[in-house]
Amino acid sequence: QVQLVESGGGVVQTGGSLRLSCAASGRTFSPYAWFRQAPGKEREFVARISGSSGSTVYADSVKGRFTISRDNAKNTLYLQMNSLKPEDTAVYYCAASSVRAAYDYWGQGTQVTVSS
């Protein structure tokens, strides 16, 4: 049974930084990603990392401010978030893939609140 556990969320002022972690137990596969869901809005893609080369893709709204990475030895996914804005406020979810499908496993979410 695969479990993804996020941590690192919290309250930060505009311009601040946070690093989210997503620790996986069990066998997971690429691609890995972060999504977020703000109140009253649909869940949206934030960033993805895939392949042995660690190729990354970012949403335009976070490009240049967020960095996704993965430590394979620790089976942990990260999201470094810099220059945070109030519009980044959301619940952030990590996702991992299985041999069956992309993003088959999801974490429980961690709240990020950016105050103005």
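The values are calculated or read from the model by the stated rules, or taken from the named source; none is laboratory data. Just so it is clear, the structure is predicted and the values come from calculations on it, not from any experiment. Cβ coordinates were reconstructed from backbone atoms using ideal geometry, including for glycine residues, and neighbour counts include every protein chain displayed. Accessible surface areas use protein heavy atoms only, side chains included; no ligands, DNA or RNA. Shrake-Rupley method; radii C 1.70, N 1.55, O 1.52, S 1.80 Å.
Before moving on, here are some points about what is shown:
- Scanning segment 29-54 for residues that are touching a strand residue (DSSP E or B) at 6+ places or on another chain (Cβ under 7 Å) and of a type in the set (S, T, N, Q), we see that the one that is least open to solvent (accessible area, probe 1.4 Å) is SER50.
- Under the condition of being surrounded by 13 or more Cβ atoms within 10 Å (Cβ to Cβ), part of a loop (DSSP other than H, G, I, E, B) and of a type in the set (Gly, Ala, Ser), the residues counted in segment 63-110 number 5.
- Residue selected from segment 1-17 under the condition open to solvent by less than 40 Å² (accessible area, probe 1.4 Å) and outside any loop (DSSP other than H, G, I, E, B), by the criterion nearest to ALA95 (Cα to Cα): LEU4
- Taking each residue of segment 74-96 that is more than 10 Å from SER21 (Cα to Cα) and looking for partners that are assigned to a helix (DSSP H, G or I) and charged (D, E, K, R) with beta-carbon atoms closer than 9 Å, six or more apart or interchain, yields MET81/ASP88.
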